[in-house]
Amino acid sequence: MARGVSVIAIDGPVAAGKTAVGRELARTLGFGYLDTGIMYRAITWLALNNGIPVDDETSLGELARANPLGLVGDDSDQVLVAGHTLGPELRDSAVDSNVSMVSKATPVRIELVAQQRQTAAKGNIVMIGRDIGTVVLPDADLKVYLTASPENRAKRRWQEMRDRGKTVELMTVLSETVARDQADSSRKDSPLVAAKDAWELDTDSLDVQQVVQKIVDQVGDS
Ligand code: DC
């Protein structure tokens, strides 16, 4: 395997497979793994629990600056913030429906991007999100942009929700998925878009292992 690749950015829309692929890829390469989505989710949870309006960008920025996030474990599914260890709470429907609004706030993005760059500075990392290849780590050694059809992505999210014991209609998940895509792609600051030098990978007909293998092959060729 080529030793030239140390920082890997994976971006893409909701449920394109970033989490499963990123985690497995990091394990395969022996790299660290950071899901930046949970950082926006943690600040959203904190805002909701502190009565901070999710459209008050200045207060959200102050909240993010005053409460640096600690990452717990290797799987990037828990965050330590303001004395709370947050895990499943980060996937609550209140967080789901407000996180796009919070992640629009430039002062929040400035703070979280700084924390993300600090984490990446150590190298040997797979980082996933929406703006990793475009804004956070524009010099990443390898940039992957994962896509899949809205229908397939909604089905994956619906299955994940059912696995977590949530009963929800597939059509509801599909319309939420399309709405989140729209919000993430149309915001002014750091919209969801593939970096010009990203490798676009359609995961519609691939399972996680096949996607990981394709990326590992690409790392080997880099
Ligand atoms: O990947 P996710 O669903 O956990 O992300 C939650 C929200 O955070 C999503 O609406 C987009 C936003 N986000 C972002 O704006 N930038 C990132 N780097 C990661 C996530």
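Remarks
- None of G129, G165, G133 is farther than 22 Å from E89 by Cβ and small (G, A, S) except G133.
- Candidate set: region 167-191, residues that are open to solvent by 60 Å² or more (accessible area, probe 1.4 Å) and part of a loop (DSSP other than H, G, I, E, B); chosen: the one nearest to the ligand (Cβ to nearest atom): K188
- Note on region 192-203: residues that are open to solvent by 40 Å² or more (accessible area, probe 1.4 Å) and either within 12 Å of the ligand (Cβ to nearest atom) or within 18 Å of R41 (Cα to Cα) (or both) total 1.
- In region 1-56, of all residues being touching a residue at least 24 places away in the same chain (Cβ under 8 Å) and among the polar types (S, T, N, Q), the one that is most open to solvent (accessible area, probe 1.4 Å) corresponds to T28.
- Test result for R27, among the basic types (K, R), within 20 Å of S222 (Cα to Cα) and either more than 16 Å from the ligand (Cβ to nearest atom) or not in a helix (DSSP H, G or I) (or both): yes
- One residue alone among T134, T147, T167 is more than 26 Å from T106 (Cα to Cα) and among the β-branched types (V, I, T), and that residue is T167.
- Selection status of G129, within 13 Å of the ligand (Cβ to nearest atom) and more than 21 Å from P68 (Cα to Cα): no
- Candidates K143, K122 - the one that is under 23 Å from S76 (Cβ atoms), open to solvent by 30 Å² or more (accessible area, probe 1.4 Å) and not in a helix (DSSP H, G or I): K122
- Test: R164 is out of contact with any strand residue (DSSP E or B) (no Cβ under 7 Å at 6 or more places or on another chain) and more than 13 Å from the ligand (Cβ to nearest atom): yes
- Some residue of region 44-58 being modelled with pLDDT under 95, under 15 Å from the mean Cα position of the chain (by Cα) and either within 16 Å of the ligand (Cβ to nearest atom) or of a type in the set (V, I, T) (or both): no
- Any hit, region 57-75, residues being open to solvent by less than 20 Å² (accessible area, probe 1.4 Å) and in a loop (DSSP other than H, G, I, E, B): no
- Across region 132-146, the number of residues qualifying as of a type outside the set (A, V, I, L, M, F, W, C) and away from the ligand (no atom under 14 Å from the Cβ) comes to 2.
- Single unsatisfied condition, D139 versus (1) farther than 26 Å from L63 by Cα; (2) at pLDDT below 95; (3) charged (D, E, K, R): (2)
The values are calculated or read from the model by the stated rules, or taken from the named source; none is laboratory data. All values derive from a computational prediction rather than experimental measurement. Cβ coordinates were reconstructed from backbone atoms using ideal geometry, including for glycine residues, and neighbour counts include every protein chain displayed. For accessibility, only protein heavy atoms count, side chains too; no ligands or nucleic acids. Shrake-Rupley method; radii C 1.70, N 1.55, O 1.52, S 1.80 Å.
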